[in-house]
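Student: Starting off with a structure, shown below.
The values are calculated or read from the model by the stated rules, or taken from the named source; none is laboratory data. Remember, predicted model here, so these are calculated numbers, not experimental data. Glycine gets a Cβ as well: all are built from the backbone with ideal geometry, and neighbour counts include every protein chain shown. Just so you know, the surface numbers come from the protein's heavy atoms only, side chains and all, with ligands and any DNA or RNA stripped out. Shrake-Rupley method; radii C 1.70, N 1.55, O 1.52, S 1.80 Å.
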Amino acid sequence: MEKLGVSIFIFDYRGYGHSRGTPSEEGIYRDARGAVQYLRKRGWQNRRIIYFGRSLGAAVALNLAVEQPPAGLILESPFTSLNDLIRAHYPRVVRFLPWAFPEHFANREKIGRLQVPLLVLQGDRDKVVPPTMSEKLFDLAPTPKTFAIIPGAGHGNPFMIDAPRYWQLWRNFIGDCCMQDKAHFQSQALQDV
């Protein structure tokens, strides 16, 4: 990521990494809001931030992007909902015990409210999040959007399988988001004259 020439801010959700607490859907959404608040206190504005989330982190990044739109959103291996993901791996359990699986991380319900550019990255050999699920979520998203399959990549390793292409997709997306930000400032300057 150093080669992208951008600042990077990474945080752990409660109950993960070095963070304390017990994870819950609302709790990790709160953690993401807190991370953005931390950056704002240090002078960062959302139009200068691109959110990134992988797998469960994609659900958190999407939720935050809908609530507090950034310059852009990159999702890697996003799923349509946690129930859909469980159903993909254990179809009989969800079918026979639907009451045991309340809807969580309902990304398919949120993606239509996205108001920023989107890049979706997905390995074609992902055994955790089926590529068709990421494609379905992408299809539900408004434009502008880009979808990229990384051939040979599984879950969590697209950046290792085809690093040149993976990072070029990032560079292109960041460049496009920066151009939109530049256009915003030029438009604002014209309005101020």
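Student: Which one of these is in contact with a strand residue (DSSP E or B) (Cβ under 7 Å, 6 or more places away or on another chain), open to solvent by less than 40 Å² (accessible area, probe 1.4 Å), without any contact (Cβ under 8 Å) to a residue 40 or more places away in the chain and not basic (Lys, Arg): 64, 73?
Tutor: 64
Student: For the range 35-61, name all the residues that are open to solvent by 50 Å² or more (accessible area, probe 1.4 Å), within 23 Å of residue 5 (Cβ to Cβ) and either small (Gly, Ala, Ser) or over 12 Å from the mean Cα position of the chain (by Cα) (or both).
Tutor: 38, 40, 42, 43, 44, 45, 47, 48
Student: Now, a different point. Out of 128, 116, which single residue is in a loop (DSSP other than H, G, I, E, B), open to solvent by less than 60 Å² (accessible area, probe 1.4 Å), closer than 21 Å to residue 59 by Cβ and at pLDDT 90 or above?
Tutor: Just one listed residue meets the conditions, 116.
Student: Looking at the range 4-27 only, could you name the residues that are without any contact (Cβ under 8 Å) to a residue 40 or more places away in the chain and surrounded by 11 or more Cβ atoms within 10 Å (Cβ to Cβ)?
Tutor: Hits for the range 4-27 are 9, 11, 12, 14, 15, 16, 19, 21, 23, 24, 27.
Student: Looking at the range 117-131 only, could you name the residues that are more than 26 Å from residue 176 (Cα to Cα) and over 15 Å from the mean Cα position of the chain (by Cα)?
Tutor: 125, 126, 127, 128, 130, listed by residue number.
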